[in-house]
Structures are given as structure tokens and as C-alpha cells.
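Colleague: Structure incoming, see below.
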Amino acid sequence: MNTHHHSTVPSDPELRVKALESLLVEKGLVDPKTLDELVDLYETKIGPRNGAKVVAKAWKDPEFKKYLLEKPTDAIASIGYRGRQGEHMRVVENTADIHNIVVCTLCSCYPWPVLGLPPVWYKSAPYRSRVVSDPRSVLEEFGTQLAEDVEIRVWDSTSEMRYFVLPEAPADFQNKSLDELESMVTRNSMIGVEKIKEPENRS
Ligand code: FE
């Protein structure tokens, strides 16, 4: 039995969306540039801000972090993020010794309520295969260098289990406000291809 069930988005709805999009553009009702901007907004701005709130709260509030790791779907819903493609979440925590990365090897399963829409590279065949066979070099391409002794774990998201990375908190997180922390959490850090960037040394 195949236990790897992915979002069974049949090609039919996808084709319908494409058809509608072409029609709207053809009739001059929408500008394709506006559509691209909207998609970008959900990919990089609106979507991942939810996840950033979850992460910052987990760093600051140990009780919430415990809840998040034990019952991720409930914990995330408790601060208002729920819905399609977020029903079965699992949160994996990055530490000094373990670095987690998320992929969907077969399609593009992704935790929508906390991350929005998946970026194009996440859906690309090279990412999907190479992150499994050679995660270290994929990380390097994202500018992420890990020490040799850091264990890398790659998680394959499916429609039944969607992984979400809790990045390692910045060194001085205790001295930062929730807002400051939130603004440091990038989408890529919650997919696991980047770490949280420490602010430049102010000397
Ligand atoms: Fe999938």
C-alpha cells in the first residue's frame, strides 16, 4: 500500500484556474502582473507572517512551545491559524545539534495556514530530489553552512503530515521583544533551508 498520500489536487482544478486566468487576462479584466504580485504577497509576505508569530511565541513562552511540539495543530489553531492544508501538522525543532528541513518529494504539500503559498523552488524537481540525496549542498546554495557534526533530518511532507520547522532562537532572544523576534523569522527558516540571521555586530 502506498502510504505517501499527497495533496490530491487533480489536474482538473488546476486547469480550470489556468483557463479562468487566461480568460480574465484576455478580456482585460486583470493584469497578469497584478496576479503575480498577489501570488508573491501570499508567498513571501502575508502567509509566512503567521508562522513567524507562532515561532516567536514559542521562543518566548515555554508553555506554548511545549504545546506546539506536542499538539501542533491545536497550538497553532489556538492563536488563530487553521484551515485547509494545515489539519495535520508536525513541528520539528532545530537545535545546535539537529537541523531539520522540509520537502515534499512528490508534489508540493506545504502547511498553508502558517506559511502561505509554497515558493516555486519548493515545488521544483531539483529541490525535491536533491534535498534528500544531498541536503548539505542544497543548504549551501541557500547560504546556510552547518558544522560537520550537525545532524540533518529531511522530512517529507504529505497531505497527512505537514512539517513545519521551529528554527533555533537567536542568541539574545531573551532581550528581544516579540515583535523584534517575529521580524527575524523568515519563511525559509521555517522550511529549514536557512537559519535565523543574527543581527550584525554593532561594535
Ligand atoms: Fe505532496
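Colleague: Select the helices (runs of 4 or more DSSP H) contained entirely in region 130-203, then report the ones holding at least 1 residues which are closer than 16 Å to Arg49 by Cα and under 14 Å from the mean Cα position of the chain (by Cα). First the steps, then the outcome.
Modeller: Numbers: elements: 135-141, 178-184, 187-191.
By residue number, 187-191.
Colleague: Tell me which residues, restricted to region 112-129, are hydroxyl-bearing (Ser, Thr, Tyr) and in a loop (DSSP other than H, G, I, E, B). Lay out the reasoning, then the answer.
Modeller: If we filter region 112-129 for residues that are hydroxyl-bearing (Ser, Thr, Tyr), which is where we start, we get 122, 124, 127, 129.
Scanning region 112-129 gives a single hit, Ser124.
Colleague: I would also like to ask the following. Any chance region 70-77 includes a residue that's basic (Lys, Arg) and either in contact with an Asp or Glu (Cβ under 9 Å, 6 or more places away or on another chain) or within 16 Å of the ligand (Cβ to nearest atom) (or both)?
Modeller: Let us first name the residues in region 70-77 that are basic (Lys, Arg), namely 71.
Narrowing the set further to residues that are either in contact with an Asp or Glu (Cβ under 9 Å, 6 or more places away or on another chain) or within 16 Å of the ligand (Cβ to nearest atom) (or both) leaves none.
The answer is no; no qualifying residue exists.
Colleague: Condition first: under 25 Å from Leu41 (Cβ atoms), within 16 Å of the ligand (Cβ to nearest atom) and surrounded by fewer than 20 Cβ atoms within 10 Å (Cβ to Cβ). Can you find one or more residues in region 172-187 that meet it?
Modeller: No; the residues of region 172-187 include none that is under 25 Å from Leu41 (Cβ atoms), within 16 Å of the ligand (Cβ to nearest atom) and surrounded by fewer than 20 Cβ atoms within 10 Å (Cβ to Cβ).
Colleague: Any residue that is closer than 30 Å to Leu38 by Cα, within 12 Å of the ligand (Cβ to nearest atom) and surrounded by fewer than 19 Cβ atoms within 10 Å (Cβ to Cβ) - is there at least one of those in region 133-154?
Modeller: No; the residues of region 133-154 include none that is closer than 30 Å to Leu38 by Cα, within 12 Å of the ligand (Cβ to nearest atom) and surrounded by fewer than 19 Cβ atoms within 10 Å (Cβ to Cβ).
Colleague: Report whether or not Ser159 is in contact with a His (Cβ under 7 Å, 6 or more places away or on another chain) and within 16 Å of the ligand (Cβ to nearest atom).
Modeller: Numbers: in contact with a His (Cβ under 7 Å, 6 or more places away or on another chain): yes; within 16 Å of the ligand (Cβ to nearest atom): yes.
Criteria met by Ser159.
Colleague: Can you pull out every residue in region 58-115 that is within 23 Å of Gln174 (Cβ to Cβ) and in contact with a Pro (Cβ under 7 Å, 6 or more places away or on another chain)?
Modeller: Val91, Asn94
Colleague: Oh, and also: Is at least one residue of region 109-127 away from the ligand (no atom under 16 Å from the Cβ), surrounded by fewer than 20 Cβ atoms within 10 Å (Cβ to Cβ), among the β-branched types (Val, Ile, Thr) and within 20 Å of Trp59 (Cα to Cα)?
Modeller: Within region 109-127, not a single residue is away from the ligand (no atom under 16 Å from the Cβ), surrounded by fewer than 20 Cβ atoms within 10 Å (Cβ to Cβ), among the β-branched types (Val, Ile, Thr) and within 20 Å of Trp59 (Cα to Cα).
Colleague: Considering only region 30-111, give the helices (runs of 4 or more DSSP H) lying wholly within it that have at least 2 residues that are within 14 Å of the chain's Cα centre (by Cα) and among the basic types (Lys, Arg).
Modeller: Values: elements: 32-40, 46-60, 62-70, 72-78.
Fully inside region 30-111 and qualifying: 46-60.
Colleague: Restricting attention to region 59-108, which residues are under 28 Å from Lys176 (Cα atoms), in contact (Cβ under 8 Å) with a residue 40 or more places away in the chain and not aliphatic (A, V, I, L, M)?
Modeller: Trp59, Lys60, Lys65, Pro72, Arg90, Glu93, Asn94, Thr95, Asp97, His99, Asn100
Colleague: Something else: Ile101 is checked against (1) surrounded by fewer than 21 Cβ atoms within 10 Å (Cβ to Cβ); (2) within 16 Å of the ligand (Cβ to nearest atom) and fails just one. What number does that condition carry?
Modeller: If we test Ile101 against (1) surrounded by fewer than 21 Cβ atoms within 10 Å (Cβ to Cβ); (2) within 16 Å of the ligand (Cβ to nearest atom), just (1) comes out false.
Taken together, the values in this text are just the output of simple stated rules run on the coordinates, not laboratory data. Values in this document were obtained by computation on a predicted structure and should not be read as measured data. Here the Cβ is made from the backbone with ideal geometry for all residues, glycine too, and neighbour counts use every protein chain on show.
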